[in-house]
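**Q** Following this message is one structure expressed as structure tokens.
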Amino acid sequence: MVKIKVLMVDDEERFRTTTAKILARKGFETILAASGEEALDKLGESPDVVVLDVKMGGLDGHDTLKLIKAKLPDLPVIMLTGHGDVSGAKKAHETGAFDYLAKPCDVDLLSVKVQDAYNYANKVAYIEKLAGDIMIPLERYTQIPQDSTVRDAIKALEKAMRHLLATDRLMDTGHRSVLVTAVDGSVVGLLCPLDLIDAVRPAYLSAPKPSMADSLQYSAMFWQGLFTSRVKEVMDQPVRDLMSESLPVIDANANLMDVANTMVTDPSARRMLVKANGSPVGIVREQELFYEIAKIISSS
């Protein structure tokens, strides 16, 4: 695949560096510019797409856009505008922006827009991806040994979330489940939010209730505080006792309709283990399919 070169223009240093790191993880090469003036100089590095903030000191985004279009009329520019700034978005469109996004901006959506802009500028026909193309690689998914406790699992997720760098203007979407591994590193299960929620429910709520009179003693009006106490009871249990062991599997070469059909027909398949040549290589979730739907619609 072609490595798309993105010129990211923003006068906030933290935003620029954070964006570069996140986009790099998603396979993009990023050129950084701290001002409109610097962005014009960086055009000499031949970016494929420009992501341009509207509000900057000195040369603002709209003026920079005009100068970019005067110099390179076919270079697609995505504008970052303030939330609800309809007039700014309209102005950007009239000046020749390819698209605009309101801040804060989800990085998955930004990635889709950058790919769309590149495809449009290079007249690239959309080629439907396979399961392996949209999955989260296994090495990027949080993993813990099966003897770990629920408390350990939560700490591992918190650590992973801290690495998903975010600012108040750009957010990276993480995952909320944990892969459980055996001593040899093989995947033996998945601990997902629903597993924890189910574990928190007292066992008696699932027990057969022979009569209405008997079931009344379990009325929800008596449950205040029960959720908190149950969480504290299960937090030191080993994850192997709570995890879903039968993680649905799909081949990396499966087409996306196969992925979609499996997710809809199998209630446990919102997260699936992707295998290539019989070995686990990643996880595919409903979020990945959603963004492919968004991408196809955007490019149509």
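The values are calculated or read from the model by the stated rules, or taken from the named source; none is laboratory data. Predicted model, so just to flag it, every value in this text is computed and none were measured. When we count neighbours, we look across all protein chains shown, and the Cβ atoms used for this are built from the backbone with ideal geometry, even at glycine. SASA here: full protein model, heavy atoms, side chains in, ligands and nucleic acids out. Shrake-Rupley method; radii C 1.70, N 1.55, O 1.52, S 1.80 Å.
**Q** For the chain, what % of the accessible area comes from carbon and sulfur atoms, probe 1.4 Å?
**A** C and S atoms contribute 56 percent here.
**Q** Rolling a 1.4 angstrom probe over the protein heavy atoms, how many square angstrom per residue are accessible across region 83-132?
**A** 55
**Q** Still on this model: Using 7 Å Cα-to-Cβ label points, what is the Q237/Q143 separation (nm, one decimal)?
**A** 2.5
**Q** What is the ratio of the Cα radius of gyration of the chain to 2.2 N^0.38 Å, where N is its residue count, to two decimals?
**A** Here the answer is 1.24, to two decimals.
**Q** Residue by residue through region 88-99, which ³J(HN,Hα) values in whole Hz follow from phi under the Karplus form 6.51 cos²θ - 1.76 cosθ + 1.60 (θ = phi - 60°), with glycine and proline marked x?
**A** Ordered by residue, 3J(HN,Hα) equals x, 5, 5, 5, 4, 4, 5, 7, x, 5, 6, 6 Hz.
**Q** Which one, I293, M135, L157, is farthest towards the positive end of the dipole of the chain when Lys and Arg carry +1 and Asp and Glu -1 on their Cβ?
**A** Checked the options; the winner is L157.
**Q** Could you work out how far apart the two model spin labels at I293 and A34 are, taking each label as a point 7 Å from the Cα in the direction of the beta carbon, and quote it in nm?
**A** Using points 7 Å along Cα→Cβ, the separation is 4.3 nm.
**Q** Apply the Karplus curve 6.51 cos²θ - 1.76 cosθ + 1.60, θ = phi - 60°, to the phi angles in region 246-256 and return the couplings in whole Hz, x for Gly and Pro.
**A** 8, 6, x, 10, 9, 6, 4, 8, 5, 7, 5
**Q** Shifting gears a bit: Return one whole number: the accessible area per residue of region 241-300 in Å², for a 1.4 Å probe.
**A** Averaged over the residues of region 241-300, the accessible area is 54 Å².
**Q** Please report, in debye to the nearest 20, how large the charge dipole of the chain is about its Cα centre when each Lys and Arg carries +1 at its beta carbon and each Asp and Glu carries -1 there.
**A** In total the dipole reaches around 200 debye.
**Q** Taking 8 Å as the Cα distance limit and 6 or more residues as the minimum spacing, I'd like the relative contact order of the chain as a percentage.
**A** Averaging sequence separation for qualifying contacts and normalising by length gives 16 percent for the chain.
**Q** Let me ask another. Kindly identify region 1-119 as rounded, prolate or oblate by the Cα gyration tensor criterion: order the square roots of the eigenvalues as a ≥ b ≥ c, call it rounded if a/c is under 1.5, otherwise compare a/b with b/c, prolate if a/b is larger, else oblate.
**A** rounded
**Q** Under the rule a/c < 1.5 gives rounded, and otherwise a/b versus b/c splits prolate from oblate, where does region 77-151 land using the Cα gyration tensor?
**A** oblate
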